[in-house]
Amino acid sequence: MKQMLALAALAVAMASCNTNYEKTKSGLTYKIFKGKGGGTPLKAGMFAKLNIEYLLSPKDTILNSTYGKVPLFTAVDTSAKTDYSFMELLPKVRQGDSVIFTISVDSLKSKGAIPDYNEMFKRGDQIKCKMSILKTFANENDIKADYEKEMAGEKDREVKDIKDYLSKQGIKAEQTKNGAFVQIENAGDAQKAQPGKVASIMYKGYFLNDTKKVFDTNMDPSKGHTDPIDVPVGQGQVIPGWEEALPLFGKGGKGKIFVPAMLAYGPQGSQGAIPPYANLIFDIEVRDVKDAPKQTAPTGQPGGMNNLTPEQIQQLQQQMQQQQGGQQQDPRQQQAPK
């Protein structure tokens, strides 16, 4: 409720104040609305927790928004590489402040931030932005507990959304340890797709929303591939939702996996295929289950990643994915690009 009131107040302020904007050195137009948070202005070396939203004119299409989702946690960077972005505004604000600012698509083009105009970004368009500074931190260690709390809260919301969907549709599904849901139509034979096995999978992935749009499949030729995929179970090569669900199936198994975003592609999504915070459904068929080939550790690196648990491997791969900035990925997997 407090967040809704704050957004409403900011919307009123935006509507009633079309003048008195200031400009940064790079030409970004902005206006700051002082809050009651107090504290010192942000500076290099500090960290901020904030909500931010981008709307593309003239239809105010939402390009991205963290409002109602996991806020953005970011370090304050005052270098030239942050010019003409929200980062340029952070040293001007304190905890509790809100900012509205406008990004010109023409300026993005002239600065090389976009290669050229296209169907989305047209000549003369404006991107209207708002930003709310929720909390500031003196160092990175201070943000860890806050970040983990926000991530847990987001997963709880997603799990609830899936539970509500299943209830509404009258679907009976088994919940896994971390919150994926599995509807088993046929469990398959006794040899399950446990860690240490390789499962050959046919699948169809689509969104758990009103569109039910299919983003990838090998069950028909619509996406250009029809061969089963071999999944080394427990090796972190597929999304966590699959890792938790596959051991419930044996050879010949068939069913659906309902995956909350935080066990799929989370805040990053998969560029060009899956948007951020997308809950997903997968129809799967297990064609075969067999032993995984034995692997030896590379010379000079005793044990290598074999010393890590599957959960630790998944965490490392997810961190690498986040650091790479969300490049386009195979919707079935965390790493391999198409």
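Just checking, how many residues over region 153-177 are open to solvent by less than 60 Å² (accessible area, probe 1.4 Å) and closer than 16 Å to residue 243 by Cα?
The qualifying residues number 1.
Would you be able to tell me the number of residues in region 49-63 that are crowded, with 17+ Cβ neighbours inside 10 Å and over 22 Å from residue 23 (Cα atoms)?
Qualifying residue count for the region: 1.
One line per residue, one yes/no per condition, for (1) at pLDDT 90 or above; (2) part of a helix (DSSP H, G or I); (3) not aliphatic (A, V, I, L, M):
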| site | (1), (2), (3) |
| --- | --- |
| 10 | no, yes, no |
| 13 | no, yes, no |
| 30 | yes, no, yes |
| 36 | no, no, yes |
| 55 | yes, no, no |
| 59 | no, no, yes |
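So how many residues does region 71-117 have that are acidic (Asp, Glu) and either at pLDDT 95 or above or assigned to a helix (DSSP H, G or I) (or both)? Walk me through how you get there before you give the answer.
Initially, region 71-117 is screened for residues acidic (Asp, Glu), giving 77, 83, 88, 97, 106, 116.
Then drop every residue that is not either at pLDDT 95 or above or assigned to a helix (DSSP H, G or I) (or both), which leaves 88, 97, 106.
Result for region 71-117: 3.
Only one of (1) acidic (Asp, Glu); (2) surrounded by fewer than 14 Cβ atoms within 10 Å (Cβ to Cβ); (3) in contact with a strand residue (DSSP E or B) (Cβ under 9 Å, 6 or more places away or on another chain); (4) over 30 Å from residue 287 (Cα atoms) fails for residue 150. Which number is that?
Condition (2) is where residue 150 drops out.
In region 128-146, which residue that is in a helix (DSSP H, G or I) and surrounded by fewer than 17 Cβ atoms within 10 Å (Cβ to Cβ) is modelled with the highest pLDDT?
As a first pass, look at region 128-146 and keep what is in a helix (DSSP H, G or I): 140-146.
Narrowing further to those that are surrounded by fewer than 17 Cβ atoms within 10 Å (Cβ to Cβ): 140-142, 144-146.
Working: 140: 82, 141: 82, 142: 84, 144: 89, 145: 89, 146: 93.
Looking at the filtered set, the residue picked out is 146.
So which residues in region 64-96 are open to solvent by 50 Å² or more (accessible area, probe 1.4 Å), under 20 Å from residue 270 (Cα atoms) and touching a residue at least 40 places away in the same chain (Cβ under 8 Å)?
Correct list: 64, 69.
Condition (residue is modelled with pLDDT under 95 and of a type in the set (Phe, Trp, Tyr)) applied to region 265-275: is it met by at least one residue? Full working, then the answer.
Taking region 265-275 first, the residues modelled with pLDDT under 95 are 265-275.
Those left that are additionally of a type in the set (Phe, Trp, Tyr): 265.
Checked against the condition, which is being modelled with pLDDT under 95 and of a type in the set (Phe, Trp, Tyr), region 265-275 yields at least one hit.
Of the conditions (1) crowded, with 18+ Cβ neighbours inside 10 Å; (2) hydrophobic (A, V, I, L, M, F, W, C); (3) within 24 Å of the chain's Cα centre (by Cα), residue 193 clears all except one; give me its number.
(3)
Report, by residue number, each residue of region 39-48 that is open to solvent by 50 Å² or more (accessible area, probe 1.4 Å) and of a type outside the set (Gly, Ala, Ser).
Hits for region 39-48 are 40, 41, 43.
Return the pairs, sorted by first residue and then second, in which the second residue is in a loop (DSSP other than H, G, I, E, B) and modelled with pLDDT of 80 or more, the first residue lies in region 33-45 and is over 18 Å from residue 130 (Cα atoms), the beta carbons are less than 6 Å apart, and the residues are 6+ apart or on different chains.
Matching pairs, first to second residue: 39/94; 39/95; 41/94; 44/76; 44/78.
If only one of 249, 207 is over 25 Å from the mean Cα position of the chain (by Cα) and surrounded by 16 or more Cβ atoms within 10 Å (Cβ to Cβ), which one is it? Show your work before the answer.
Details: 207 fails: over 25 Å from the mean Cα position of the chain (by Cα).
Just one listed residue meets the conditions, 249.
The values are calculated or read from the model by the stated rules, or taken from the named source; none is laboratory data. Fair warning: this is a prediction, and the values are worked out from it, not measured in the lab. Glycine gets a Cβ as well: all are built from the backbone with ideal geometry, and neighbour counts include every protein chain shown. The protein model used for the area step is the full one, side chains on, heavy atoms only, and it has no ligands, DNA or RNA in it. Shrake-Rupley method; radii C 1.70, N 1.55, O 1.52, S 1.80 Å.
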